[in-house]
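Take a look at the structure below.
Just so it is clear, none of the values below were taken in a lab; they were calculated from the coordinates. Predicted, not measured: the structure shown is a model, and the values here were computed from it. Here the Cβ positions follow ideal geometry from the backbone for every residue, glycine too, while neighbour counts run over all protein chains shown.
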């Protein structure tokens with residue numbers, strides 16, 4: 001087995017499935033959002049608000065490179081932030097590796113991110129932005145994927161078990 005890279009929308013289970021998969025395979029796990037937060041000394045959300053998306057994406061690109069280097073050395077599992085694949089350099093870095101697209105429909109992503117509940121009207125239509133984001137990224141995820149795993153009706157443990165079996169055969 002070589003390094004496994006997990007991609008997909010927010011709420012698809014990249015972090016939770018990644019940890020479980022790495023445990024099942026007996027290999028290390030890294031998450032680029034954790035690597036970015038560790039380097040910046042603050043949570044990813046704060047980087048977006050305080051420093052802007054461009055600063056975050058630059059940190060993320062470096063985190064992907066470090067994460068891949070580490071994962072390649074030990075056949076590890078690396079979860080990418082949902083927008084990392086929009087960066088051309090990141091797509092080049094993960095090319096040729098085992099890329100698993102954890103697929104999740106809009107309704108699943110909305111539910112897992114808390115956008116499925118009635119709430120006070122928030123200017124800017126966050127659900128509309130989420131839908132547009134998913135529509136933009138889905139073809140990128142699909143195009144990069146060596147393997148696509150629907151996660152809508154599966155618990156992270158089920159996804160990890162299925163993936164471990166598929167990757168080990």
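Assorted remarks:
- Footprinting exposure proxy ranking of 29, 48, fewest other C-beta atoms within 10 angstrom first, gives 48, 29.
- Rel. contact order, % - alpha carbon contacts under 8 angstrom, at least six apart, the chain: 37 percent
- By the count of neighbouring beta-carbon atoms within 10 Å, fewest first, 108, 151 end up ordered 108, 151.
- Dividing the summed -39500 (n - 2.57) terms of all DSSP H runs of n ≥ 4 by the residue count of the chain sets its mean residue ellipticity at 222 nm at -18000 deg cm²/dmol.
- For the chain, built as a Gaussian network whose Cα springs stay under 10 Å, the top-fluctuating residue of 153, 87, 34: 153
- Largest GNM mean-square fluctuation across 83, 67, 52, computed for the chain with C-alpha springs under 10 Å, falls on 52.
- The chain: antiparallel DSSP beta bridges as a percent of all, rounded to 5: 0 percent
- With each label modelled as a point 7 angstrom along the Cα→C-beta vector, the residue 66-residue 51 pair spans 1.1 nm.
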